[in-house]
Every structure is written in C-alpha cells, then in structure tokens.
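Notes follow the structure.
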Amino acid sequence: MRRYGKHTDEDDIRTRPGRRNTRPRTNIRPKHEDAAEGLVLTVDRGRLTCLVEDRVVMAMKARELGRKAAVVGDRVALVGDLSGQKDTLARIVRIEERTSVLRRTADDDDPYERVVVANADQLAVVTALADPEPRPRLIDRCLVAAYDGGLDPLLVLTKSDLAPPDKLLELYGDLDIPFVVTSRAELESGVAVDRVREQLDGKITAFVGHSGVGKTTLVNALVPQERRRSTGHVNAVTGRGRHTTTSALALPLSGGDGWVIDTPGVRSFGLNHVDPSRVIHAFPDLEPGTEGCPRACSHDEPDCALDAWVTEGHADPARLYSLRRLLATRERTEGD
Ligand SMILES: Nc1nc2c(ncn2[C@@H]2O[C@H](COP(=O)(O)OP(=O)(O)OP(=O)(O)O)[C@@H](O)[C@H]2O)c(=O)[nH]1
Ligand SMILES: [Mg+2]
Ligand SMILES: [Zn+2]
C-alpha cells in the first residue's frame with residue numbers, strides 16, 4: 001500500500017494554515033536531495049497542484065526538467081516555497097520513477113501519446129448500462145491500456161436502474177476482471193458506494209470512460225463532501241453527456257485509505273503505443289506458452305505458439321480468444 005503524506009479525510013487540506021518554511025535562507029541553491037516529496041493532484045496548463053505532507057502547494061516545472069511533463073499521480077520532488085500560502089509557487093525539480101502509466105493517443109492516427117495518469121494501481125473502466133449505451137470496443141481498449149501500463153482493471157457498470165448488466169458481464173466473464181454494478185438508488189442509499197469502496201481501499205484508482213457514464217457522480221460519493229466536483233447531464237437526443245469534467249483530479253478516498261482519480265470523458269482510446277508483450281503479462285496462464293512464438297509475435301498470426309499451448313490443454317481456449325479479441329481491438333478503427 002502506498003501512502004502520500006499524512007493526509008486523512010478529516011483534515012481539510014485547503015483551509016489548514018500553511019506552515020512556514022523554517023529552513024534558514026542561504027545563497028546556496030537548495031540541494032535537490034533535500035527536496036520535499038509531493039503528489040501531483042491536478043494539472044492546469046503550467047500550474048500543478050501538489051500535496052506536500054498535509055499542504056496543498058502550487059508548483060511549476062523547473063526549467064531543468066526540460067520537456068518532461070508531470071501528470072496527475074506523479075510523485076515529484078519540490079523545492080522553493082512549500083508553505084502552500086496564497087500566491088506562492090514551488091518548483092518541481094524531479095519526477096520520480098513511475099510504477100504504472102496510463103497512456104493514450106487521442107486516436108490511432110495520432111502519433112503523440114499522452115500519459116493520462118501515473119502510478120495508479122487500478123483502472124476503473126466505467127460503463128453505463130444505458131444512457132449512453134455501452135460500447136464494448138471502448139471497454140476493450142481501456143483494458144488493453146490498463147494491461148499495457150501495468151494497472152489492474154476493474155469494471156464498473158453504472159445505471160443498472162436503466163438496463164441489466166447480464167449481457168456485458170457475460171462478454172467479460174472469461175477475462176476474470178473484478179466488477180461492480182451500481183444504480184442510482186444504490187448510490188443514494190450508500191450500498192453501491194460501499195461496494196465500490198471495497199474495491200478501492202488501499203489503492204490508487206483512476207476512473208476512465210465515455211462522457212456521461214457517471215464517473216464524477218461515483219467519485220463524488222467516494223470522497224469527502226467538501227471535495228465534490230460538479231457533474232453533467234446526458235443529452236436526451238444524442239445520449240451523449242456534456243463534457244463536464246475537463247481535467248483529471250486526484251481525491252482522497254473517504255472511509256478508507258486510497259486515492260481516486262476522476263478524468264474527463266473520452267470518446268476513443270487510441271492505442272498506438274501498445275506493446276503486445278506487455279499486454280500478455282496480464283495473462284499469466286498464457287504467458288509461458290509464448291516461449292515458442294516467433295520474435296515480435298503479435299500472438300494473432302499463424303506461427304503463434306499459443307494455439308498449440310491451448311490445444312495441449314495448458315490453458316483455457318476462452319482465455320486465448322479473449323486475449324486475441326483485446327489485441328485485435330488495436331487494429332480496428334474505432335467507430336463511435
Ligand atoms: N439513471 C442513472 N443516472 C446516473 C447514474 N449515475 C450517474 N447518473 C447521471 O449521469 C449523468 C452524467 O454523470 P457524470 O457523473 O457527470 O458523468 P461523467 O462520466 O463524469 O461525465 P464526463 O465528466 O463528461 O466524462 C448525470 O446526470 C448523473 O446524474 C445512475 O446510476 N443511474
Ligand atoms: Mg465527469
Ligand atoms: Zn505468439
């Protein structure tokens with residue numbers, strides 16, 4: 001379990017008086033070994049909001065970082081004014097090595113990959129059962145990005161008050177992904193919130209999905225009241241949500257130890273950057289079967305050793321089918 005600072009839910013980190021930096025001023029540039037550790041909570045253009053101990057500190061990237069960009073979830077080293085007081089600005093001098101990276105390209109023709117979130121343990125792929133209609137292809141793509149980036153997936157199926165989850169769950173059964181189903185009434189009574197929280201405790205979880213599926217609604221129910229964000233509504237004609245959330249934001253999980261990261265809705269999840277050999281790590285039952293594969297095997301070609309591996313009874317054919325379905329989602333163009 002990873003913890004950042006000493007923040008607890010009860011502390012309202014925004015209203016706490018900032019502690020003065022007591023270190024004596026010297027002419028020597030601060031050694032970066034003395035830098036404070038911070039967690040990037042949100043990024044707004046060049047300004048990064050970081051949690052340092054129990055203070056919210058505004059910071060910008062130091063010039064020495066060059067083109068390297070810090071993203072939400074990054075652990076960074078900060079120097080300068082760390083008081084967190086109004087109009088102060090600290091400098092980020094280092095971005096620590098990431099334990100996971102959620103990447104996407106806006107679409108598959110886009111050569112530029114962006115890191116959406118760093119260091120998340122888990123990717124909650126949020127899908128509404130209706131309004132907007134579920135899009136399995138988008139789910140598959142999010143799953144591939146999770147496996148590629150080293151995040152454990154969690155399926156969150158919302159709006160079960162509008163449609164049943166059975167068909168979707170059947171589609172993902174062979175992938176053995178944990179899932180939770182929520183409805184409006186269960187959100188309001190808190191039953192669904194507890195169910196989701198159980199899957200999040202002790203972890204950093206990023207929420208992704210199409211606009212309007214209910215990511216922010218769910219995240220709001222999971223974080224301290226005063227940290228809630230505004231939510232959108234779904235357009236009755238197009239079924240599309242208004243793009244209400246415009247930036248990723250990390251918030252502390254209330255009633256547990258963990259972080260939830262709300263992200264803006266996506267219409268597509270470009271997978272230009274994905275390496276099949278990283279995806280296969282998420283299939284430990286199939287991975288040993290790839291030893292006989294040709295170099296740089298796509299695992300979906302005639303010489304792939306996985307067919308024999310499954311025929312010989314080492315793994316369930318349904319798992320190979322699922323893996324290939326996911327890998328194939330990279331080649332397909334993504335309709336809306
Ligand atoms: N019927 C029903 N509506 C829900 C449920 N959860 C959320 N909604 C509604 O769905 C709409 C969109 O919710 P948001 O939480 O803003 O969706 P989002 O995924 O954050 O959308 P973006 O920020 O645009 O990505 C709101 O009107 C919510 O009230 C649910 O379980 N059932
Ligand atoms: Mg939102
Ligand atoms: Zn292969």
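The values are calculated or read from the model by the stated rules, or taken from the named source; none is laboratory data. Since we're looking at a predicted model, the values are computed, not measured. Methodologically, a virtual Cβ is constructed for each residue, glycine included, from the backbone with ideal geometry; neighbour enumeration extends over all protein chains shown. Please note that ligands, DNA and RNA were not included when accessible areas were found on the heavy atoms of the full protein model with its side chains. Shrake-Rupley method; radii C 1.70, N 1.55, O 1.52, S 1.80 Å.
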(request) Could you calculate the contour length gain from Gln225 to Asn272, that is, 0.36 nm times the residue separation minus the distance between their Cα atoms, to one decimal place in nm? (result) 13.1 nm
(message) Per residue, how much accessible surface does segment 101-262 expose to a 1.4 Å probe? Answer in Å², no decimals.
(response) 41
(request) Please give the net charge around Asp285, taking every other residue with its beta carbon less than 9 angstrom from that of Asp285, where Lys and Arg add +1 and Asp and Glu add -1. (result) -1
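For Asp262, what is the net charge nearby, where nearby means another residue's Cβ is under 14 Å from its Cβ and Lys, Arg count +1, Asp, Glu -1?
Summing Lys/Arg as +1 and Asp/Glu as -1 gives +4.
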(request) Take Asp201, project a point 7 Å from its Cα along the Cβ direction, then tell me which residues of segment 170-190 have their backbone nitrogen under 18 Å from it. (result) 178-181, 190
(message) If packing is taken as the average number of other Cβ atoms within 10 Å across a peptide's residues, how do 91-100, 117-126 rank, most packed first?
(response) 117-126, 91-100
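Rounded if a/c is under 1.5, else prolate if a/b beats b/c, else oblate: with a ≥ b ≥ c from the C-alpha gyration tensor eigenvalues square-rooted, which is segment 276-328?
It is rounded, given that a/c, with a ≥ b ≥ c, falls under 1.5.
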(request) Leaving ligands, DNA and RNA out of it, report the carbon-plus-sulfur percent of the accessible area of segment 254-336 at a 1.4 Å probe. (result) 50
(message) Tell me the Rg and the Dmax, in Å, that the Cα atoms of segment 101-262 produce.
(response) 14.8, 45
(request) Beta carbons within 10 angstrom, averaged per residue: use that to sort the peptides 297-304, 149-156, 195-202, 34-41, highest first. (result) 149-156, 34-41, 195-202, 297-304
(request) Measure out, as a whole number of angstrom, how far apart the alpha-carbon centroids of segment 156-221 and segment 255-323 sit. (result) 23
(request) Evaluate the charge dipole of segment 276-328 about its Cα centre and quote only its size in Debye, nearest 20, assuming +1 on the Cβ of each Lys and Arg and -1 on the Cβ of each Asp and Glu. (result) 240
